[in-house]
Every structure is written in structure tokens, then in C-alpha cells.
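Structure first, then comments.
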Amino acid sequence: MSINPRRALLLCNAKARNGALDLDEVRGILRAGGIEPEEPPPEADCRDVIRDRAGAVDMVILGGGDGTMNYAAPALVESGLPLAILPLGTANDLARSLNLPLDPLAAARFIPTAEARPVDLGWVNGHYYFNVASVGFSAELAGELTAESKKTWGVLGYAVAAIRVLRRVRPFTVTIEHDGVVEKVTTIQVSVGNGRHYGGGMTVAESAAVDDGKLDFYSLEINHWWRLLALLPALRRGTQGRAADVRAFHAQEIRLSTRKPRPVNTDGELTTHTPAHFKVFPKILRVFAPEPVRGPATFDLATLGKSLFPTSEAPRL
């Protein structure tokens, strides 16, 4: 007796770093595993397609980087469809946090036998995010990079841009509210993480996970830009909160305000500005994945710029 295949929306961002991947082998892998892919026209907007086809398919397979996942998040939440990931971006930090294969074909082979498990989403001023949202240095870095330079140079392009931005970055004052506590601090960067990894494998906190029901906060309250270079190994491991000039805590809701509005970078996209109201939405989305990585990350200076604070591929499909 034949079994009807599961139907999947297969949506790939051609603007991602590896968006030119030939999908024939991916299609073959999926069909061999009992999944029939459905592909919309390449000019279609992925949010619209997900909403329109929500009742006709069993899952969404998204090919792209973290920006692609971020862009699709509202439609995924609304549709209730589980998400499978083909990592095609430069950093693929969500895939890292979920302990997924980073090779797209290996990721495709994983999907047919995988189970969809619940994960959290961060939220700021009405915008969902998977990995991290930040104010300060990352917003300046986002404005320094182009999609073309990312696609051409990858993480090396981030390193060059990060060094340029570091030399002109200036501290700013931010008021932080959480759990009945109000603090005013001077910082160059505040980050509010939902997942574990960001920026090419940096770690928000050593205990962070994408399904732990909390937000992990840190603030870099450093006096000189070169101090950030000294903190790189700790930022890579997620142990930066132990440093005297780094403020760190976790909470389920955080508010940030600044004297003048400052942009907020969510998974590499400038989507809103301060004042910023952050929340975590526990287990709001299902993703095909094994258990997340919770061990220490390794340190790699080659990813300096991208590792510090992320930007992402143009996410529209």
C-alpha cells in the first residue's frame, strides 16, 4: 500500500551567499524520503506564499541565512507550519544553535527522519527574531556592509568592516529595565539573545539555548575599543559575563531606552529603534532539529568582524 508523501514548501533565497545551489539533488533527497517539494515562482514573497499555502502543505523548508529565517518568522508563526532549514547563508547561526548540519545536502538528508521540536522566539517592538537583537556597534556595522561584499568576501569582509567601525564607535547611555530593576549604564553595545549563537558562531551566554524560555542580556561597558579585541575569546565561548566591564543577566522581559532613538538590529536587519521592549515567546514555533548545542564554542580569529555582530542576507525571496 502506497503512503501519500508529505508536502513541503521549498523556498530558497537566491541572494544568500550559497543561494545558487543546484536544487536537483535536494529535490531527489526529499522525494526519496517521502517529501514532495512545492516551489513557488522565484519572484514570490516567502511570507505571502507561506500564508497562502498554510492549509495545503505539511511543512516549510527554507534555504538561506539567518536573515531569511528572520524575515519568514511572522508567517511561520501565523501558519503554525513546522520549519526545516537548508543553511545557505554566510554564518548560519540558527543552524549552529540547533546543531544542524551546515552542509545543505547533509541538512536535506536530515529532514525526512527528523522530528519537529518547539523553540522560542525573541520579540522586540513587534518584530520576531531567532538569534540576537542588539543596539550600538552592530547597527553601525550593518550600515557598513553591502550584500555584494558579503557574497564576495564572506567573513573576511566583516573583519575589515568591523575594524573600521571599531575605530569610530562611541559609548552611549542606555536605561535598562528588567524584573523591577532600573539601571542606567554607558556602553558601546547591548545585546539581547534568544538563541545560543550569533555572528558566525559567537555565543550569547554559555548556558543559552533556543528553547530555554529566557532572554540572555549582556552590555559591553568598556573604556577603549581595543578592549573588545581582548574580550573576543570570551565572547566566542559565551563567558563574557564574567568580565568586570561586561554586565550580564537573563530575563523574560527587558526594556531599553536611550536619549535619542537608536536602531535595533535583529538577526542582522535594522527593524526598529529604541525605546525597545523585548519579550521571549516560549515554544512558539516548531523546527526540525536534534537537541541544541549547549557546550562551549571554539575560538576562531578569522571570523573577527562577522563574529562580533551580525548582518544578514537580503531576506526577501
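The values are calculated or read from the model by the stated rules, or taken from the named source; none is laboratory data. Keep in mind it's a predicted model, so treat the numbers as computed, not measured. Positions of Cβ are generated from backbone atoms using ideal geometry, with glycine treated the same way; all protein chains shown enter the neighbour counts. The accessibility values were calculated without ligands, DNA or RNA, using every heavy atom of the protein model including side chains. Shrake-Rupley method; radii C 1.70, N 1.55, O 1.52, S 1.80 Å.
For the reader, a short list of remarks on this structure follows.
- The convex hull built on the alpha-carbon positions of segment 1-144 has an orientation-averaged projected area of 9.5 nm².
- Stokes-Einstein diffusion for segment 200-290 at 10 °C, viscosity 1.306 mPa s, with a Kirkwood radius from C-alpha pairs, works out to 106 µm²/s.
- Packing here is the average count of other Cβ atoms within 10 Å per residue, and on that basis the peptides 223-231, 269-277, highest first, run 269-277, 223-231.
- Carbon + sulfur, % of accessible area of segment 28-71 - ligands and nucleic acids excluded, 1.4 Å: 46
- Looking at segment 10-94, the accessible area is 36 square angstrom per residue; that uses a 1.4 Å probe and ignores ligands, DNA and RNA.
- Segment 75-122 - percent of accessible surface contributed by carbon and sulfur, probe 1.4 Å: 49
- Area projected by the alpha carbon convex hull of segment 24-101, averaged over all directions, nm²: 5.5
- The convex hull drawn around the Cα atoms of segment 77-129, when projected onto a plane and averaged over every direction, covers 4.4 nm².
- Every Cα-Cα pair of segment 35-77 was included, and the share exceeding 17 Å stands at 26 percent.
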